[in-house]
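A.B. asks: Here it is, the structure, as structure tokens.
The values are calculated or read from the model by the stated rules, or taken from the named source; none is laboratory data. On a predicted model such as this, the values are computed, not experimentally measured, just so you know. Every residue, glycine as well, gets a Cβ built from its backbone with ideal geometry; the counts of neighbours run over all protein chains shown.
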Amino acid sequence: MNRLLMLALGAAIAVGACGTTASDATDTSLSSGNGAAAGAAAQPAGAKTAAAARPVYREVTIPSGTTLPLALTSSIASDTSAVEDAVTAELTRAISIDGRDVLPAGARLAGNVIQVDDSGRVKGRAMIAFRFTSLRSGGERYDVQSAPLSHRAPATKGEDAVKIGVGAGAGAAIGGLLGGKDGAAKGAAIGGGAGTGVVLATKGQEVRLGPGADATTQLTAPLTVRVRVS
């Protein structure tokens, strides 16, 4: 009898131990599953945040013929600049395509002097020409094809005529005092020649352009730029 009771008690203890182990295993499994599910749920949210923070760009083409309103940010002059000297400028207003600004005011352009002639004697007027070949905007650099710009000094023909006339008049007055009518005629010829000599020996005006000078040009080929949309 005692033996049977002991066997029954041992069987009950064994059953209780098995039940506890099964329950623990079940609880552990559910806990692990819940953790994985929570991690899976959190990961897409983080990915979406990262995607939303990344800027989005698209390419926009500015057509050939578009006017670029520019102001110089460097100085050039017909009597001091040389071919290949650098020239810089910036946009004075934004360039828009389909209602969206694609180049901001202040975007910088760079180029070079392509021709320069200082003031001659009577042979010609001073001039300087330059062209922009690159643009920087939004941290990007672009090659640009633009129309060349040239500036020529104003003509001085009126001033030259006055100088020659003054020389002739002064010569006539001196000749008249010295030798009558014949002296006056000879004096006019001599005086005129002297006046011409003054013109030949005097340089004309130079072309000098400084920061703020108008340098508006046009694109001669389409320009494709990257524009941030979000």
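A.B. asks: Name the single residue, out of those in the stretch 126-139 being modelled with pLDDT under 95 and surrounded by fewer than 18 Cβ atoms within 10 Å (Cβ to Cβ), that is nearest to Ala82 (Cα to Cα).
C.D. replies: Met127
A.B. asks: In the stretch 51-63, is there at least one residue being in contact with a Phe, Trp or Tyr (Cβ under 8 Å, 6 or more places away or on another chain) and modelled with pLDDT of 90 or more?
C.D. replies: No; the residues of the stretch 51-63 include none that is in contact with a Phe, Trp or Tyr (Cβ under 8 Å, 6 or more places away or on another chain) and modelled with pLDDT of 90 or more.
A.B. asks: As an exercise: evaluate Ile97 against (1) at pLDDT 95 or above; (2) more than 10 Å from the chain's Cα centre (by Cα) and give the number of the one condition it does not meet.
C.D. replies: Only one criterion is unmet by Ile97, namely (1).
A.B. asks: Being farther than 19 Å from Pro211 by Cβ and buried (at least 17 other Cβ atoms within 10 Å of the Cβ), is that true of even one residue in the stretch 81-100?
C.D. replies: yes
A.B. asks: Right, next: Is it the case that Ser78 is modelled with pLDDT under 95, within 25 Å of Ile128 (Cα to Cα) and not aliphatic (A, V, I, L, M)?
C.D. replies: Considered against the rule, which asks whether it is modelled with pLDDT under 95, within 25 Å of Ile128 (Cα to Cα) and not aliphatic (A, V, I, L, M), Ser78 comes out as yes.
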